[in-house]
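Down below is the structure, laid out as structure tokens.
The values are calculated or read from the model by the stated rules, or taken from the named source; none is laboratory data. As the structure is a prediction and not an experimental result, all values here were calculated from the model. Don't worry about glycine lacking a Cβ; one is built from the backbone with ideal geometry, like all the others, and counts go over all protein chains shown. Heads up: the accessible areas ignore ligands, DNA and RNA and are worked out on the full protein's heavy atoms, side chains in. Shrake-Rupley method; radii C 1.70, N 1.55, O 1.52, S 1.80 Å.
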Amino acid sequence: MDAAYQLQSPPTQALIIGASRGIGCGFVQALHQDHRVERIFCAMRDPDQPNALSSLMASEPERIVPLRIDVTDEDSIAHAAQSLIDVDASLDWVINTVGLLHDAHGIQPERRLRDIDASNIQASFSVNSIGPILLAKHLTALLPRRSPSIWATLSARVGSITDNRLGGWYAYRAAKAAQNMLTKTLSIELRRSHKQIRVVALHPGTVATDLSAPFRGNVGKEQLFSVDQSVNYLLQVLDGLKDDDNGNFFAWDGQQIAW
């Protein structure tokens, strides 16, 4: 693993959703290296199944705490929120890394209009846009009202309407655009009660994970990031957020992306 970015203002307690693999796992591992971070809650669909964090959770059960969350199951989110309330959690950072671009059941990005399938669009919206706002519905009560906090969700540049020059990928583009609108709307409401919160959408770049695996054949070596690289870049972005960055969309290099 590459050396983790050294945060200037680390969270005391953080929740990473989608922690069992890919970028989510990378965030947990990076924050774990900073012992100023007292507790990291690791949300995943099935924490009982062996995963890349299993040994870490077993070795430090008080600091690396598993949670069961399926973003397509609101009851699981509500139950996880209550379990956090029960242990007096106060979340300085919440980072959602869950996303769906393709799966083993036939969901693939559409190349042409005739490839559109209604059930695939519904599945994409369920994970990429509805799931993140349900997380906010149940978990934002755990954010501090009188101190700085961050609510971040991984989006994708292809969700930018302004940046859409190639077309295709109808379901994923639309679901990510919807996620972006929901994130922007959330940033406005939360700022009324949480005066120092930064709600942001993040584009991690093209990262060597299962999500990007079938689509990175034409990606240059310098444009394909390891999980550690992407996480370090994103930590720098999060660590550097200013008050007026609330409600914005940032790429891995800190550049703002037009909605």
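Being open to solvent by 10 Å² or more (accessible area, probe 1.4 Å) and within 21 Å of Pro10 (Cβ to Cβ) narrows it down to one of Arg173, Arg165, Arg157, Arg145, so name that one. Give the derivation first.
Numbers: Arg173 fails: within 21 Å of Pro10 (Cβ to Cβ); Arg165 fails: within 21 Å of Pro10 (Cβ to Cβ); Arg157 fails: within 21 Å of Pro10 (Cβ to Cβ).
Going through Arg173, Arg165, Arg157, Arg145 in turn, the sole match is Arg145.
If you check Arg63, Arg39, which single one turns out to be of a type outside the set (Asp, Glu), under 20 Å from the mean Cα position of the chain (by Cα) and closer than 19 Å to Cys25 by Cα? Lay out the reasoning, then the answer.
On the way: Arg63 fails: under 20 Å from the mean Cα position of the chain (by Cα).
Selected residue: Arg39, the only one of Arg63, Arg39 that is of a type outside the set (Asp, Glu), under 20 Å from the mean Cα position of the chain (by Cα) and closer than 19 Å to Cys25 by Cα.
Report yes if some residue within region 113-121 is over 30 Å from Thr12 (Cα atoms), in contact (Cβ under 8 Å) with a residue 40 or more places away in the chain and surrounded by 21 or more Cβ atoms within 10 Å (Cβ to Cβ); otherwise report no.
Taking every residue of region 113-121 in turn, at least one turns out to be over 30 Å from Thr12 (Cα atoms), in contact (Cβ under 8 Å) with a residue 40 or more places away in the chain and surrounded by 21 or more Cβ atoms within 10 Å (Cβ to Cβ).
Only one of Asp48, Asp88, Asp73 is under 21 Å from Val127 (Cα atoms) and not small (Gly, Ala, Ser). Can you tell me which? I'd like the intermediate steps shown before the answer.
Details: Asp48 fails: under 21 Å from Val127 (Cα atoms); Asp88 fails: under 21 Å from Val127 (Cα atoms).
Every option except Asp73 fails the conditions.
Would you be able to say whether some residue in region 15-22 is within 15 Å of the chain's Cα centre (by Cα) and without any contact (Cβ under 8 Å) to a residue 40 or more places away in the chain? Outline the logic, then answer.
In the first step, residues of region 15-22 are kept if they are within 15 Å of the chain's Cα centre (by Cα); the result is 15-22.
This time we only want the ones that are without any contact (Cβ under 8 Å) to a residue 40 or more places away in the chain, so: 20.
Taking every residue of region 15-22 in turn, at least one turns out to be within 15 Å of the chain's Cα centre (by Cα) and without any contact (Cβ under 8 Å) to a residue 40 or more places away in the chain.
Of the conditions (1) open to solvent by less than 20 Å² (accessible area, probe 1.4 Å); (2) touching a Ser or Thr at 6+ places or on another chain (Cβ under 6 Å); (3) of a type in the set (A, V, I, L, M), Leu139 clears all except one; give me its number.
Every listed condition holds for Leu139 apart from (2).
Looking at region 50-86, which of its residues are under 19 Å from Val98 (Cβ atoms), open to solvent by 80 Å² or more (accessible area, probe 1.4 Å) and without any contact (Cβ under 8 Å) to a residue 24 or more places away in the chain?
Correct list: Asp75, His79.
Select, from Gln33, Gln13, the only residue that is under 16 Å from Leu238 (Cα atoms) and among the polar types (S, T, N, Q). Even if it seems obvious, please write down each step before you answer.
Numbers: Gln33 fails: under 16 Å from Leu238 (Cα atoms).
Within the list Gln33, Gln13, the selection yields Gln13.
Residues checked against (1) open to solvent by 20 Å² or more (accessible area, probe 1.4 Å); (2) touching a Cys at 6+ places or on another chain (Cβ under 8 Å); (3) of a type in the set (Lys, Arg):
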position: Ser149; (1), (2), (3): no, no, no
position: Ala152; (1), (2), (3): no, no, no
position: Lys195; (1), (2), (3): yes, no, yes
position: Ala258; (1), (2), (3): yes, no, no
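Among the listed residues Ile95, Ile23, identify the single one that is assigned to a strand (DSSP E or B), modelled with pLDDT of 95 or more and buried (at least 21 other Cβ atoms within 10 Å of the Cβ). Walk me through it before giving the result.
Numbers: Ile23 fails: assigned to a strand (DSSP E or B).
Step by step, each of Ile95, Ile23 is checked, and only Ile95 is assigned to a strand (DSSP E or B), modelled with pLDDT of 95 or more and buried (at least 21 other Cβ atoms within 10 Å of the Cβ).
Mind listing whichever residues of region 34-50 are over 26 Å from His138 (Cα atoms) and modelled with pLDDT under 95?
Going through region 34-50, the residues over 26 Å from His138 (Cα atoms) turn out to be 34-36, 50.
Matches in region 34-50: His35, Pro50.
Against the conditions (1) closer than 17 Å to Pro109 by Cα; (2) touching a Ser or Thr at 6+ places or on another chain (Cβ under 8 Å), where does Leu190 fall short? Just the number, please.
Leu190 satisfies all of (1) closer than 17 Å to Pro109 by Cα; (2) touching a Ser or Thr at 6+ places or on another chain (Cβ under 8 Å) except (1).
Anything in region 8-20 that is surrounded by fewer than 19 Cβ atoms within 10 Å (Cβ to Cβ) and either among the aliphatic types (A, V, I, L, M) or touching a strand residue (DSSP E or B) at 6+ places or on another chain (Cβ under 8 Å) (or both)? List them, or say none.
So the first thing to find is which residues in region 8-20 are surrounded by fewer than 19 Cβ atoms within 10 Å (Cβ to Cβ), and the list is 8-10, 12.
Matches in region 8-20: Thr12 only.
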